[in-house]
Each structure stands twice: as C-alpha cells, then as structure tokens.
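Here is the structure we will look at.
The values are calculated or read from the model by the stated rules, or taken from the named source; none is laboratory data. From a predicted model like this one, the values you see are computed outputs, not experimental measurements. Note that each Cβ is placed from the backbone with ideal geometry, even for glycine, and that neighbours are counted across all protein chains shown.
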Amino acid sequence: MRERGTRVIISLALAALVVPGAERAVVFPGAAGEETPARPQGLAPEHVEANLVLVDVLVRDRNGKSVPALGKEDFSLLIDRLPAPIASFERNCGEPSPPPGSGRETPPAGKSEEPAAAAPPGHVVLVFDINHLTRPGRDRSLDAAVRYLKENPTARERVMLIAIKGRPVLLESFTSDHERLAARLDEVKADNEMIDLAVVEERLNMSDVLSRECGGSGLCQSRLNLALPYALAEELRARRSIDALKSLMPALAPIRGRKAVVYFSETLRDEPGLEYLILANSTSRAEHIDVRRELDDLQKEANSAGVAFYPVFAAGLGEGGGLSANDASIGRIGSRDTIPLVRATQAGEDGALGFASTLALETGGEALKRSNDLGKIFSAVSADLSCYYVIGYANPGPGDGKRHSIIVRAAAKEYEVRHRPYYEDLSEGVRLENKFRSVLMAPAYFRDIPATVDAFALAPEGKRLPFLLKVEFPLDEVTLVGEGEGRRAGEVEVRGTVWTGPKESCAFRKRFPITLESGETTAGRNVIYETGCELPAGSHDLTVAVLDGPSGEIGGAEVSLPVKEKAAGIVGDVLLWTSSGGDLLIATDATGVGIRDSGTGHGFVPRRERRFSSRESALLYAIICRGSGETTGPAAGASARARGAGAKIEVLRSVRAGEIEVAGFPPATFGAGEARGAGGSGSGTSDCEGIISSIPAGRLSPGGYAFELKVTGITPEPVVRRAEFAVEGEAKPRNRNVPQAP
C-alpha cells in the first residue's frame with residue numbers, strides 16, 4: 001500500500017457491543033448514583049510498602065450458628081505453619097449497638113476489640129453459566145435467584161448478574177435494587193437465545209456413541225472415534241467458562257468486605273467429556289483432556305482477590321444434568337446399553353460435583369450438590385455475609401510467586417473456623433499482567449476508565465483487508481502529576497486483542513506519556529490512540545484495555561467486528577472524518593496500514609456518527625472496488641463483463657438537501673488502476689480505491705444532508721448510494737462514550 005498524503009481512508013460503521021448492558025458503568029464499591037471522588041491532579045500517588053493479605057474468617061459453634069463477639073486475641077494466625085502476627089483485625093457481624101446504660105458499651109476485661117465500625121455491605125455475584133446449563137437447569141437456577149431477590153427486597157448485600165454464553169455477558173452491575181435484578185432475570189428466562197445447544201444435545205450425543213458396535217472389554221475404537229470430538233468440544237467450553245470466571249477476579253479484588261460468587265452449572269466437570277469417553281472404555285486423562293491447571297489458576301485468582309465460590313449443581317436431586325437411564329429407550333440404543341449409560345451418566349454427574357466441591361473448598365465457600373431446592377445456597381451465602389471476621393497479615397514480600405498456606409485458629413476449641421487455605425505471593429508485575437489479561441477477556445467487568453473502541457475498514461489490496469482501530473477516552477481520566485513551571489505529566493498504556501473465536505488474530509500494546517503545558521485544560525478533551533491490523537474475512541471481537549499508570553485504574557471496551565470478503569461495487573458504508581481539534585492524537589502505530597498523522601498532532605480522525613459542526617472541516621470517505629479474478633459470487637462475472645479490459649470507471653459525487661444539489665465535487669475516474677480527481681487512496685495496482693470528498697469548515701449551513709455517489713462502469717447499470725449526515729450550528733461537547741444515531 002502506498003503512503004497516503006492525508007489521514008483518511010476508512011469504511012465500516014461501528015457494530016453493536018457484544019456485551020449487553022456494557023454501556024452501564026460497573027460501580028463496584030459504592031451504591032448506584034454515588035459520586036466517585038475526583039482524580040487528583042498534581043499530586044504524586046502514594047506507595048504502600050507493606051502488602052496486606054486479608055483473610056475472611058467464618059466462625060461457627062457446635063450448632064452451626066455464627067459466633068459474633070470475638071476479638072483479635074481470640075484468634076491465632078499461622079503462615080506456612082509458622083506463627084505470624086495479626087496486623088489488622090475487623091469484625092463484620094452487624095450487631096446492633098447496645099442501649100445506653102446497659103453496661104455493654106465497653107468490652108469485657110482483657111478484650112481489645114476493634115471499634116465496631118459500620119460493616120460494609122456484602123457483595124454477591126450471581127453467575128449463570130449458559131454454556132453448561134440445560135434449559136431445565138437454567139430455568140431452575142433463574143427461578144431460585146428471582147425467588148430469593150423478591151423475598152429479600154431490603155437485604156443489604158449488593159448483587160451483580162452475569163451470564164456466560166460463549167463470552168461473559170454483564171446483565172446488571174452491582175446494585176441493592178432487588179426488584180430491578182429480578183426483572184432482569186425474568187428477561188433472561190424469556191430469551192430463547194440464552195441457551196446452549198451443545199448442552200441440550202448431550203443426551204443425543206451419548207446415544208450416538210452408544211449406537212456404535214463395540215466388541216470385547218478393552219478400548220472401543222469405533223466409539224472413541226465419535227466420543228473424542230464431543231469430549232474435546234466440551235473441554236473447549238470448559239476452558240472458556242473457567243477463563244470467564246478467572247477474568248472476573250481482578251475486578252472484584254479492590255472491593256472491601258466479603259465477596260461471594262454463586263455459580264450455577266450442571267455440566268462443567270473436572271474431567272470434561274468423561275461421560276462420552278467412558279462409553280468407549282477410556283477416560284479424559286487417557287485422552288489428554290485436562291482442565292486441572294485452569295481450575296488451579298482460577299482458585300489462585302479467587303484467593304488473591306478474596307473471593308469465595310458457592311457452586312450450585314443446577315441439575316437438582318439425582319437428575320444428572322438432565323440424563324437418566326430412561327434414555328436407553330430413545331434413538332438407536334438398546335436395553336443392553338442401559339448399564340453403560342447409567343455408568344456414564346453417573347461419571348458425568350460426579351465430575352460436575354467434583355468441580356463444585358473443589359472450587360468451594362479451595363476458596364472458603366460452600367457447594368450445593370444434590371438438592372432440588374437451589375435456594376438453599378442463598379441461605380448459606382446470607383449467613384456467611386451476616387457475620388465474618390477479616391484478619392490481615394503484613395506480607396513482607398517481595399512477590400516470590402509461591403503459594404503460602406494460611407491457618408487461622410480460634411482460642412475456643414469447640415468453634416469451627418473456615419477460611420481460604422492459602423494466598424499467592426504475586427509480584428506487582430504479575431498482578432498487572434493478570435489484570436490486563438482479564439480486561440481483554442471480559443472488558444465489561446472493568447469501567448474505571450470510560451474507554452471506547454472503533455474499527456474502520458480500509459480499502460482492500462489484493463487479499464489484504466487492513467483495518468484502522470481507534471481507542472478513545474477522556475483526558476481528565478488521566479492522572480497528571482505536577483512537574484514544575486505549570487507542566488503536568490502522566491502515563492497511559494493501551495492494549496488490545498482481536499479475537500477470532502478463542503484465538504488471537506491481532507494484538508497491540510502501547511505505553512505513552514501525556515504532557516500538558518502550563519494553562520492547558522483537560523475538560524472536554526479526549527485522548528485518541530490509533531493502530532492498524534490486517535484481518536481475515538470472518539467474525540471477530542475487538543477488546544481493549546486502557547490503564548492509567550499512576551493510579552492503576554483500568555477500563556475496557558469491546559466491539560464485534562465482522563469482516564467481509566471484498567466484492568465489486570461500493571464497499572461498506574460512507575464514513576465521516578473530522579479534525580481532532582483539541583483532542584490528543586496518538587497515531588504513530590497506524591503507519592502499518594498506511595495512516596499517518598499530519599505532523600501537527602491534530603489530524604483527521606474517523607467518527608462513528610456522521611455528524612459535525614459547521615465550524616469543523618470534514619471528509620467523507622467511500623471505497624470503490626472494480627472486482628477482480630479473485631472476486632467470488634454472482635457479482636464477479638457481471639462486474640468482469642461490464643468492466644472489460646481496461647474499462648473506465650466514473651464516480652460522480654454531490655451533496656443534496658432533499659433533492660436539491662447544494663455542493664458538488666469534480667468527477668473521479670479510474671483507468672488502468674489509478675484514481676483521478678478524487679483524492680484517491682490505495683495502491684495503483686489495487687482493484688479497490690478510496691474516494692475522499694472534502695467539506696471545508698463553514699461551507700454548509702446547519703441542517704440535514706445526503707451525500708450521493710453514482711458509479712458507472714462496474715456493473716451494467718449505474719450503482720447509486722446515498723448516505724445521510726448532519727451539520728450542527730456550533731461545536732458542542734461530544735460524549736464519545738454514548739453511541740449516537742447517525
């Protein structure tokens with residue numbers, strides 16, 4: 001691709017966000033509507049030397065009831081089985097204050113209880129793993145959650161709703177509005193898209209495996225040939241769900257107080273696919289299908305974040321994920337296969353229960369196994385949130401990356417003590433990398449910085465399909481530290497990944513300084529970072545993370561990115577570019593796709609909506625493709641016949657107000673591979689060209705217009721495209737974080 005003279009060559013309007021509800025801020029510590037403290041401007045961030053490890057501790061008496069009145073001296077702490085000092089102590093038991101004059105205002109002699117500050121509200125995350133729920137299990141889980149929310153409308157705990165359907169879907173951010181939460185879950189239940197056919201078809205898949213003839217008692221290769229693909233697909237689904245859960249942990253880590261994740265699943269197993277493989281007289285481990293490392297990583301992340309898991313086996317009592325011996329009567333299996341089917345079903349159920357038990361045990365939570373009353377889990381969560389202690393250990397560091405055991409004992413031997421069993425001493429660098437990974441996996445969890453991301457297709461060249469990627473966030477979200485003489489400086493890191501399914505098709509990262517001179521303001525200004533990727537045709541997801549270096553705050557954003565094969569005609573939509581004005585433009589990484597900054601720091605940038613001020617200069621951009629021998633489909637032959645060898649293509653452009661032409665542009669012609677009179681872009685040997693149409697500032701009065709393209713020479717009949725746009729009377733502050741209708 002030859003170098004372009006201006007910074008303009010783009011098409012493809014922004015697609016909708018993949019994560020429903022992602023436009024709502026994920027407010028973790030405070031209540032909905034609370035104001036967040038302003039970011040300091042000009043103060044150096046504080047650095048805390050001690051790494052405080054906080055351990056939630058639950059204490060029960062012989063009757064299983066909470067013990068609410070213990071003090072710091074009632075506990076002893078062992079790290080790696082050696083006594084360790086308790087650096088901090090907090091009791092969160094929600095006891096009412098004693099009445100004046102009752103004699104209970106002061107602790108008993110010898111007690112050194114910490115002052116009973118107002119306990120923070122508990123935080124509960126309800127996760128419905130659609131990837132691993134049958135429809136009956138999904139409905140049973142949703143019904144149990146709705147019933148709990150409606151029966152406890154004034155509960156203090158704040159609840160967040162997440163569904164895992166391929167990727168995590170944020171249904172509702174943390175809120176104490178149980179009525180709103182219940183209504184959202186009712187919507188999920190009515191959504192027929194919220195179901196995974198792979199889980200629904202598990203019964204049929206097992207019958208397919210059983211239908212294969214199998215002789216002898218050893219490995220049955222004929223059944224294994226069919227069982228192995230089913231097992232591998234289940235392993236992939238298991239990894240995705242575990243990754244989604246793991247990505248949530250860094251987002252929950254900063255929240256003060258106990259955090260509980262209630263996880264509803266039926267078919268997420270510690271040995272994925274065992275129910276298929278056992279029918280072939282094999283096992284998951286024998287076929288090298290193993291998620292133990294992923295499960296261990298999830299437990300590490302949960303312990304690091306102080307999160308307790310409460311897994312729920314949503315199949316109910318004895319239902320085995322919706323499978324039973326009665327299935328021996330369906331399909332192509334006979335009565336002789338009843339025993340293998342029961343054995344396989346039981347193995348699948350045991351694997352799901354094993355996963356739940358391990359996750360609860362390793363994180364200090366509790367698992368609900370075989371029960372038709374899924375609401376029991378909420379009683380356990382409420383009891384744990386109503387009374388717990390937080391013991392702090394000052395870890396000397398310096399982040400050795402090793403696992404260290406935790407043992408907390410109560411002075412009274414008759415008490416049962418429950419807590420997480422270890423912590424991971426991770427370095428700050430590792431924690432940061434983990435957080436970036438989480439943001440790129442599940443950006444909806446992270447909203448400290450309100451970032452947005454756009455993707456715009458450039459003119460194809462041969463088989464190359466280049467894209468310009470634009471990340472944008474408010475300048476006043478950057479921590480700026482005074483450097484003398486009125487100057488202020490900060491640092492930002494941007495990372496992004498283009499996902500094609502679970503694979504990375506493109507990745508980028510950039511750390512760059514931001515410096516403001518004396519008198520420069522941040523209000524109403526944005527930071528714009530641009531880079532480029534070449535992508536194959538297909539469906540992709542683009543996720544980005546933006547880190548404010550000094551504060552450590554991070555934000556994520558995501559868009560779906562469908563990439564189509566090029567075809568003859570007018571490709572994609574007409575795009576609008578405007579001057580970046582007072583925004584800070586970081587465009588050095590877009591040179592790989594032929595985009596360069598004009599050198600002033602205020603070049604033209606693409607916008608998601610076709611709307612600009614009469615005071616702004618603008619550029620309208622469209623891609624025209626002649627078609628080539630590589631073009632496929634019905635249009636290929638027609639375009640080739642119409643074009644002929646060396647046929648001339650003419651493009652007429654005009655701006656119309658209704659049917660009246662109010663502005664025109666010189667005709668653009670394409671000969672043997674070169675665009676004339678259009679500010680064209682693209683290679684002289686390419687069969688696609690970019691048409692740039694410039695609108696100077698003040699040329700059009702405020703109002704609505706249509707940009708018309710008429711192309712002749714590609715198809716037997718002229719191709720006409722109209723794109724509406726609006727000119728506003730004056731420059732208005734733009735909220736770039738809220739999509740606007742074009």
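I want to confirm something. Restricting to region 154-170 and keeping residues that are under 12 Å from the mean Cα position of the chain (by Cα) and of a type outside the set (Lys, Arg), which single residue is farthest from HIS132 (Cα to Cα)? Don't jump to the end; show me each part of the working.
If we filter region 154-170 for residues that are under 12 Å from the mean Cα position of the chain (by Cα), which is where we start, we get 162-170.
Subset that is of a type outside the set (Lys, Arg): 162-164, 166, 168-170.
Working: ILE162: 14, ALA163: 11, ILE164: 9, GLY166: 10, PRO168: 13, VAL169: 15, LEU170: 17 Å.
Looking at the filtered set, the residue picked out is LEU170.
For region 482-500, which positions are surrounded by fewer than 19 Cβ atoms within 10 Å (Cβ to Cβ) and touching a His at 6+ places or on another chain (Cβ under 9 Å)? Break it down stepwise before answering.
Residues of region 482-500 that are surrounded by fewer than 19 Cβ atoms within 10 Å (Cβ to Cβ), as a first pass: 482-487, 489, 491, 493, 500.
Correct list: THR500 only.
Residues LEU185, LEU219: which one is in contact (Cβ under 8 Å) with a residue 12 or more places away in the chain, hydrophobic (A, V, I, L, M, F, W, C) and over 30 Å from SER282 (Cα atoms)?
Numbers: LEU219 fails: over 30 Å from SER282 (Cα atoms).
LEU185 is the lone residue from the list that is in contact (Cβ under 8 Å) with a residue 12 or more places away in the chain, hydrophobic (A, V, I, L, M, F, W, C) and over 30 Å from SER282 (Cα atoms).
All but one of (1) surrounded by fewer than 21 Cβ atoms within 10 Å (Cβ to Cβ); (2) over 16 Å from LEU274 (Cα atoms); (3) among the aliphatic types (A, V, I, L, M) hold for ALA244; state the number of the condition that does not hold.
Only one criterion in (1) surrounded by fewer than 21 Cβ atoms within 10 Å (Cβ to Cβ); (2) over 16 Å from LEU274 (Cα atoms); (3) among the aliphatic types (A, V, I, L, M) is unmet by ALA244, namely (1).
Residues ILE691, ILE649, ILE695: which one is under 23 Å from ARG611 (Cβ atoms), out of contact with any Pro (no Cβ under 7 Å at 6 or more places or on another chain), at pLDDT below 90 and of a type in the set (A, V, I, L, M, F, W, C)? Show your work before the answer.
Working: ILE649 fails: under 23 Å from ARG611 (Cβ atoms); ILE695 fails: at pLDDT below 90.
Criteria check complete, one pass: ILE691.
All but one of (1) hydrophobic (A, V, I, L, M, F, W, C); (2) in contact with a Lys or Arg (Cβ under 9 Å, 6 or more places away or on another chain); (3) modelled with pLDDT of 90 or more hold for CYS214, so report the exception by its number.
Result: CYS214 passes all but (3).
Residues of region 270-282 being within 10 Å of LEU224 (Cα to Cα), surrounded by fewer than 24 Cβ atoms within 10 Å (Cβ to Cβ) and either under 33 Å from the mean Cα position of the chain (by Cα) or hydroxyl-bearing (Ser, Thr, Tyr) (or both), which ones?
SER282
From the list ALA459, ALA444, which residue is buried (at least 23 other Cβ atoms within 10 Å of the Cβ) and over 28 Å from the mean Cα position of the chain (by Cα)? Explain how you work it out, then say what you get.
Working: ALA444 fails: over 28 Å from the mean Cα position of the chain (by Cα).
On inspection, the qualifying residue turns out to be ALA459.
Tell me which of these SER265 doesn't satisfy, since it passes every other one: (1) touching a residue at least 12 places away in the same chain (Cβ under 8 Å); (2) polar (S, T, N, Q); (3) farther than 30 Å from TYR388 by Cα.
Checking SER265 against (1) touching a residue at least 12 places away in the same chain (Cβ under 8 Å); (2) polar (S, T, N, Q); (3) farther than 30 Å from TYR388 by Cα, the one that fails is (3).
Inspect region 556-567 for any residue being more than 20 Å from the chain's Cα centre (by Cα) and modelled with pLDDT of 90 or more and give the result as yes or no.
Applying the first criterion (more than 20 Å from the chain's Cα centre (by Cα)) to region 556-567 yields 563-567.
Retained after the next criterion (residues that are modelled with pLDDT of 90 or more): none.
Looking for residues that are more than 20 Å from the chain's Cα centre (by Cα) and modelled with pLDDT of 90 or more, one finds none in region 556-567, hence no.
State which residue is surrounded by the fewest Cβ atoms within 10 Å (Cβ to Cβ) when the search covers only region 247-269 and only residues that are over 21 Å from the mean Cα position of the chain (by Cα) and either modelled with pLDDT under 90 or assigned to a helix (DSSP H, G or I) (or both). Can you show your working first?
The initial filter retains those residues of region 247-269 that are over 21 Å from the mean Cα position of the chain (by Cα), namely 256-258, 266-267, 269.
When the remaining residues are screened for being either modelled with pLDDT under 90 or assigned to a helix (DSSP H, G or I) (or both), the result is 256-258.
Details: ARG256: 15, GLY257: 20, ARG258: 28.
For region 247-269, the residue satisfying everything is ARG256.
Those residues that are modelled with pLDDT under 90, part of a helix (DSSP H, G or I) and under 16 Å from PRO254 (Cβ atoms), I need them from region 438-447; list them, please.
Scanning region 438-447 gives SER438, TYR445.
Among the residues of region 503-555, count how many are buried (at least 17 other Cβ atoms within 10 Å of the Cβ), among the hydrophobic types (A, V, I, L, M, F, W, C) and not in a strand (DSSP E or B).
Count: 1.
Hey, does region 368-389 have a residue that's in contact with a helix residue (DSSP H, G or I) (Cβ under 6 Å, 6 or more places away or on another chain), assigned to a strand (DSSP E or B) and crowded, with 18+ Cβ neighbours inside 10 Å? Before the answer, list the steps.
Here is the first cut: in region 368-389, the residues in contact with a helix residue (DSSP H, G or I) (Cβ under 6 Å, 6 or more places away or on another chain) are 368-369, 374-375, 378.
From what's left, assigned to a strand (DSSP E or B): 368.
Those still in the list that are crowded, with 18+ Cβ neighbours inside 10 Å too: 368.
Yes, region 368-389 has at least one match.
Hey, can you tell me all the residues within region 686-719 that are of a type in the set (S, T, N, Q), farther than 22 Å from ILE660 by Cβ and in a strand (DSSP E or B)?
Going through region 686-719, the residues of a type in the set (S, T, N, Q) turn out to be 686, 693-694, 701, 712, 715.
Filter again for farther than 22 Å from ILE660 by Cβ, leaving 686, 712, 715.
Matches in region 686-719: THR712 only.
From the list ASP476, ASP454, exactly one residue is buried (at least 24 other Cβ atoms within 10 Å of the Cβ) and either at positive phi or at pLDDT 85 or above (or both). Which is it? Show your work before the answer.
On the way: ASP476 fails: buried (at least 24 other Cβ atoms within 10 Å of the Cβ).
Of ASP476, ASP454, the one residue that is buried (at least 24 other Cβ atoms within 10 Å of the Cβ) and either at positive phi or at pLDDT 85 or above (or both) is ASP454.
If I ask for residues that are among the basic types (Lys, Arg) and at pLDDT 85 or above, which ones from region 334-364 would you list?
Applying the first criterion (among the basic types (Lys, Arg)) to region 334-364 yields 336, 343.
Selection gives ARG343 alone.
Conditions first: (1) buried (at least 16 other Cβ atoms within 10 Å of the Cβ); (2) at pLDDT below 85; (3) not small (Gly, Ala, Ser). THR154 passes all but one, so which condition is the exception?
(1)
On the given criteria, is SER282 out of contact with any Ser or Thr (no Cβ under 7 Å at 6 or more places or on another chain), farther than 28 Å from GLU433 by Cα and at pLDDT 90 or above? Before you say what the answer is, go through the steps one by one.
Values: out of contact with any Ser or Thr (no Cβ under 7 Å at 6 or more places or on another chain): yes; farther than 28 Å from GLU433 by Cα: yes; at pLDDT 90 or above: yes.
It is true that SER282 is out of contact with any Ser or Thr (no Cβ under 7 Å at 6 or more places or on another chain), farther than 28 Å from GLU433 by Cα and at pLDDT 90 or above.
Is there any pair linking a residue in region 372-386 that is of a type in the set (Lys, Arg) to one that is modelled with pLDDT of 90 or more and crowded, with 16+ Cβ neighbours inside 10 Å, with Cβ under 6 Å and at least six apart or on different chains, and which?
LYS376/LEU368
Among residues belonging to region 395-409 that are out of contact with any Ser or Thr (no Cβ under 8 Å at 6 or more places or on another chain) and among the hydrophobic types (A, V, I, L, M, F, W, C), point out the one that is surrounded by the fewest Cβ atoms within 10 Å (Cβ to Cβ).
ILE407
Among GLY486, GLY490, GLY496, which is the only one that is of a type in the set (Gly, Ala, Ser) and part of a loop (DSSP other than H, G, I, E, B)? Even if it seems obvious, please write down each step before you answer.
Values: GLY490 fails: part of a loop (DSSP other than H, G, I, E, B); GLY496 fails: part of a loop (DSSP other than H, G, I, E, B).
None of the others qualify; the one that does is GLY486.
Determine which member of the set VAL527, VAL546, VAL494 is aliphatic (A, V, I, L, M), farther than 30 Å from ARG237 by Cα and touching a Phe, Trp or Tyr at 6+ places or on another chain (Cβ under 9 Å). So that I can check it myself, show each step before the final result.
Numbers: VAL546 fails: farther than 30 Å from ARG237 by Cα; VAL494 fails: farther than 30 Å from ARG237 by Cα.
So the residue among VAL527, VAL546, VAL494 that is aliphatic (A, V, I, L, M), farther than 30 Å from ARG237 by Cα and touching a Phe, Trp or Tyr at 6+ places or on another chain (Cβ under 9 Å) is VAL527.
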